[in-house]
1. Restricting attention to region 273-285, and to residues there that are within 16 Å of the ligand (Cβ to nearest atom) and not aromatic (Phe, Trp, Tyr), which single residue is surrounded by the fewest Cβ atoms within 10 Å (Cβ to Cβ)?
2. When the residues of region 61-79 are narrowed to those that are in contact with a strand residue (DSSP E or B) (Cβ under 8 Å, 6 or more places away or on another chain) and among the hydrophobic types (A, V, I, L, M, F, W, C), which ends up nearest to residue 493 (Cα to Cα)?
3. Can you name every residue in region 51-96 that is assigned to a helix (DSSP H, G or I), surrounded by fewer than 17 Cβ atoms within 10 Å (Cβ to Cβ) and touching a residue at least 24 places away in the same chain (Cβ under 8 Å)?
4. Please state which of the following conditions residue 448 fails to meet, knowing it meets all the rest: (1) at pLDDT 95 or above; (2) under 18 Å from residue 562 (Cβ atoms).
5. Considering only residues that are within 22 Å of residue 139 (Cβ to Cβ), surrounded by fewer than 20 Cβ atoms within 10 Å (Cβ to Cβ) and of a type in the set (D, E, K, R), which ones fall in region 331-359?
6. Identify the residue in region 504-551 that is of a type in the set (Gly, Ala, Ser) and crowded, with 21+ Cβ neighbours inside 10 Å and, among all such residues, is nearest to residue 452 (Cα to Cα).
7. Looking at region 470-503 only, could you name the residues that are touching a residue at least 40 places away in the same chain (Cβ under 8 Å) and in a strand (DSSP E or B)?
8. Could you count how many residues in region 314-338 are more than 16 Å from the ligand (Cβ to nearest atom), of a type in the set (Phe, Trp, Tyr) and not in a loop (DSSP other than H, G, I, E, B)?
Amino acid sequence: MTQSKQYLPSPDWQAQAHVKGMAGYQALVAEAEADHEAFWARLARELISWQTPFTKTLNDSDAPFYKWFEDGRLNVSYNCLDRNVERGLGDKVAIIFEADDGTVTQVSYSELLAKVAQLANALKARGVKKGDRVVIYMPMSVEGVVAMQACARIGATHSVVFGGFSAQSLRDRVQDAGAVMVITADEQQRGGKALPLKAIVDEALADNSCPSCKDVVVYKRTGGAIAWVAGRDLWLHELLAGQSTTCEPEWVEAEHPLFLLYTSGSTGKPKGVQHSTGGYLLHAALTTKWTFDLKPEDVFWCTADIGWVTGHTYIAYGPLALGGTEIVFEGVPTYPDAGRFWQMIEKHKVTIFYTAPTAIRALIKAAESNEAVHPKRYDLSSLRLLGSVGEPINPAAWEWYHANIGGGRCPIVDTFWQTETGGHMITPLPGATPLVPGSCTLPFPGISAAIVDETGNDVPNGQGGILVVKKPWPSMIRTIWGDSERFKKSYYPPELKGYYLAGDGAIRDAETGYFTITGRIDDVLNVSGHRMGTMEIESALVSCTELVAEAAVVGRPDDTTGEAICAFVVLKRPRPSGEEAKAIAKQLRDHVAKEIGPIAKPKDIRFGDNLPKTRSGKIMRRLLRAVAKGEAVTQDTSTLENPAILEQLGQAY
Ligand code: WTA
């Protein structure tokens, strides 16, 4: 594989960027290689205001439970808010909020600080204290960011649950985290529709299923009708009334858990990825500075939801830590039409735009079929930088994004990272790295990404392997909440020499050494940039006990969503066909939506009398993947009990 087409950073970019040219990049890489700890210590002192400076950079005595800046104390909300007000940025706009219906609200740094302090005081008044867990199940809103920052201010550990997850998923997370409070809204307004949130919280907490949770705080977003549990439910506005707009931050140790964020792994239930305070904040700020080259006059827009890690690092924390101005958008890219993103870029003069390949691919399709929403109809000249995250971006989508959104002049940073890594790991730096469409290029300075074989030995460039990170880094996952054994097993398997196992396959270009991510090597699917475990979806299907005897789930490539979920199902009744099969498929999709959330609904459902298995009874997943793709089966199927099922499984509903 040779990567011939490169896009070089313009001389302007090289001159003005925080990291200037490949020489600038190489100097940082060399500094980190020469003294890994000193490199991170320098940056931690430069980017973070410490209440108590740290004296020890890294404690690796209990690897892989690494500790960074252990004896330092700080507060994230102080760093994101007070510090900027003290620097004279009080009147600067922190957040430009655009509602689903287009209404715009601007919040300055002083106003944001006052809101956060008020909520922090209110949380304390309800008895929430340092170390308590608070679940946030909120729409995209200023209040959502305020809730996260308010938790950080008092040292409570937040766990944001994406508003698209079902009651069952929410319940699992509240229980696992032992949360004392859920902060939610009456409803969320998306794409012109009001969708329930509070009703889902009610269902999740029903029957005293979450005894740890004493309070439900409700932000009135739509005013829609909701049920009310006296003694448990509190209106946010009533709770805030009379609270002081100042609140002394709780100075916490650098290792204090800032948040838990549940994500899917290859086995079992979603795991609560635990992040630290100091190391996490450092990487959030540093990557916002170097990868996004954030400058005081920028208008930064990350389209992710605060329910995902991207919304944590590049909405709730990174841009605010640097005193930036950012957009928070409530709605969806296709409402009122598929020109919404472009129209908002024009309206707010966005300079840096960060989104997911799925959104780009969907908007390409929309633009190609409807001239009226084509980006050329909008003035996108304010843009100077584009970003991509969450899944591989195919070169065709990259080229379209570059030409049609970036006007051929904006670099694209294809940022590879994960919930567990806290921030960017492999990414171009816009004033330095020559770009190759489809490649996330080179490791961020200080990140020792490498490709190895099953025994942890380096593989030569040009040969694919397992993506690892050799040295610990400040924003790495600290543990899985309540399950340190699972943390070790999942991320530090003994055969990999103490390297962090990312769970992705990758290959480096023979000439340039550039990384290309080839996809997950475990049973994790990436659908529209959302992570889901095949086992989770299988469990959801078989929990439909009246219908399903057995289920297997695999991914298949999809033009828009990257991967699509394909379920193979054996029913407890004769295999259906025609209209009946369609009706049952719908019933199963609805069941999965109830168990996990609509994002986990299988796209294809295929019914068989049984599933193809090896002699030892293992499901032949490789064969299922071929069937899902509609490929001819080339595998040896002589061991199949019932070769006719291949034909049965050929039909998708
Ligand atoms: C995938 C999202 C290719 C990858 C920040 C990873 C990517 C998983 C990229 C993490 C990229 C993320 N190119 N693949 N630029 N970014 N991925 O935890 O498989 O939701 O392991 O974090 O998304 O997904 P997560």
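The values are calculated or read from the model by the stated rules, or taken from the named source; none is laboratory data. Predicted model only: the values in this text are computed from it and were never measured. Don't worry about glycine lacking a Cβ; one is built from the backbone with ideal geometry, like all the others, and counts go over all protein chains shown.
1. 274
2. The residue in question is 65.
3. Across region 51-96, the qualifying residue is only 87.
4. (2)
5. Within region 331-359, 337, 347 qualify.
6. Only one residue fits best here, namely 506.
7. 479, 480, 500, 502, 503
8. The total comes to 1.
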